[in-house]
Amino acid sequence: MTPMSGKRQQGFILESLLVALLIIGALAYAQSRTLIMESNQALAEATGTYMMSVRGGVLKALTTYEAALGLVDTSKAPAGLYPTPPAWAVFTGDEQTVQVRDLKQAGMLSNDFPERMPLGRSVYIKLLRTPGLCPGIGCEVRAFVVSCWPITEPLPRTAAFDSTTCPAAPANLKFSEVLIHSVMTAAQGFGGENTRDATKVRGTLMTVSETLMGIPAGSGGHVVVAASLNATSFNQFVRQGDTRPIFLNNTLQVAGSISTDTGLLLNTKVENGQPCDREGMYATSLLGNLAQCQGGQWFELTSYVVTSMQSLANGAAVTQPICPGANMTAFSYASLEKTDVTMTGADVNVRGNVSGTFGGSGAVSQNGTVTVSGNYSGTVVSSSDSSIRVSQSVDVSSGSVVMTPANPNARAMVVSGCRTNG
């Protein structure tokens with residue numbers, strides 16, 4: 001081997017070593033970059049999981065304090081039926097901002113739940129009430145978990161941190177669409193973001209403005225998670241203090257008593273005497289009266305409703321009842337409660353057989369009338385057809401008691417009420 005060939009071989013070895021070092025460096029860089037990306041990806045997924053955990057606490061709060069959030073008046077409810085709501089749940093406007101710390105203090109999240117999330121600094125909760133419809137059928141309280149800052153790669157963390165505020169994000173902060181996608185995936189379809197249009201937060205369950213969410217104007221890259229009860233099957237269930245009209249398509253059985261503050265309506269039109277199959281069941285008849293199933297047929301209970309009973313003298317005014325609707329008519333019936341009759345003249349008719357001895361003088365007129373004057377000694381015996389007639393009657397006429405004859409000590413019992421027409 002010549003000296004020249006040795007030098008060439010040494011140069012080749014040096015060049016190969018440099019290439020190897022470059023390759024190793026590139027691989028190391030790629031490997032480190034991959035590790036960083038995988039780490040960021042894990043943080044993004046953890047961020048989505050964190051926001052879903054906050055969502056769970058919000059749903060629990062919406063369920064627990066639904067009456068207060070919906071402005072339902074529970075002042076007449078039995079003590080202890082509704083839990084005492086925290087101050088943030090008793091707001092009267094259309095919106096309210098709640099912090100993670102508020103949920104923790106109310107027991108909606110555990111005490112050791114972190115107030116700082118992996119990416120995006122922290123979150124806050126926006127509660128939005130339907131304007132002008134609470135309380136009422138159309139009342140709805142929507143809730144959203146909002147990332148305070150845009151979702152970016154991890155930023156240096158400072159020791160000082162206040163989760164109850166959301167200060168302005170650092171200038172020129174650029175969000176990462178890749179990481180936002182991972183957060184959205186972990187949000188399980190409940191998430192929304194404003195990466196392509198900073199003015200709108202769009203997702204599977206929402207299209208809301210940045211202003212409504214409290215996001216600074218023009219700040220893109222925020223993630224919002226829907227936490228409203230209407231995003232679940234909650235509205236399918238009847239709950240305490242429900243203000244909606246409830247319709248059931250089958251029978252309802254209650255173990256305890258039923259109480260109502262307005263009345264009980266039976267939407268039936270059964271015919272009196274019509275067959276029935278549930279003994280003791282109540283219904284309303286064709287005439288609108290209460291009926292009961294007795295002995296296998298409907299029996300109308302209230303054809304006549306007595307509203308008053310009065311003991312009145314002759315000439316006293318009778319108070320007429322007020323009967324509802326054209327289906328009922330007022331009535332007043334009178335009967336003698338106490339009689340007082342003085343018989344005179346033709347009211348007295350005593351007949352019988354007379355036997356004994358007459359002493360004295362008398363005469364017979366040309367008409368056959370016998371007149372005897374003197375003393376009578378003997379007995380008077382009535383025959384089987386002998387009678388004394390007492391005549392007195394009572395009626396209600398022109399709104400007053402009318403007795404015949406009108407003796408002052410007589411009394412009448414007047415029964416008044418309403419009867420069903422038909």
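The values are calculated or read from the model by the stated rules, or taken from the named source; none is laboratory data. Because the structure is predicted, anything quoted here is derived from the model rather than measured. Virtual Cβ from ideal backbone geometry, glycine too; neighbours counted across all protein chains shown.
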message: Going residue by residue through the stretch 324-343, is there one that turns out to be over 30 Å from N421 (Cα atoms), loosely packed, with under 10 Cβ neighbours inside 10 Å and modelled with pLDDT under 80?
response: yes
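Matching residues to (1) outside the structural domain of S416 (by TED's automatic domain parsing); (2) within 25 Å of A412 (Cα to Cα); (3) hydroxyl-bearing (S, T, Y):
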residue	(1), (2), (3)
P275	yes, no, no
T284	yes, no, yes
G288	yes, no, no
S308	no, yes, yes
I322	no, yes, no
task: Being β-branched (V, I, T) and surrounded by fewer than 18 Cβ atoms within 10 Å (Cβ to Cβ) is the filter; apply it to the stretch 19-63 and report the residue that is modelled with the lowest pLDDT.
output: I36
- request: Under 7 Å between Cβ atoms, at least 6 apart or on separate chains: pull out the pairs that start in the stretch 167-189 with a residue that is within 15 Å of V123 (Cβ to Cβ) and in contact (Cβ under 8 Å) with a residue 40 or more places away in the chain and end on any residue that is assigned to a loop (DSSP other than H, G, I, E, B) and of a type in the set (D, E).
  value: none
query: Can we say Y82 is of a type in the set (S, T, Y), crowded, with 17+ Cβ neighbours inside 10 Å and under 19 Å from the mean Cα position of the chain (by Cα)?
result: yes
task: Keeping to the stretch 116-128, report how many residues are free of Cβ contacts under 8 Å to residues at least 60 places away in the same chain and either within 37 Å of the chain's Cα centre (by Cα) or not in a loop (DSSP other than H, G, I, E, B) (or both).
output: 1
- line: Wholly inside the stretch 174-222, strands (runs of 3 or more DSSP E) that include 1 or more residues that are charged (D, E, K, R) and under 20 Å from N40 (Cα atoms) are 191-193
task: Being in a loop (DSSP other than H, G, I, E, B) and either outside the structural domain of T185 (by TED's automatic domain parsing) or at pLDDT 90 or above (or both) is the filter; apply it to the stretch 133-152 and report the residue that is farthest from Q99 (Cα to Cα).
output: T152
- request: Output the number of residues of the stretch 93-104 satisfying the condition of being in contact with a Lys or Arg (Cβ under 9 Å, 6 or more places away or on another chain) and of a type outside the set (A, V, I, L, M, F, W, C).
  value: 5
message: at pLDDT below 85, of a type in the set (D, E, K, R) and in a strand (DSSP E or B): is that true of R351 in this structure?
response: no
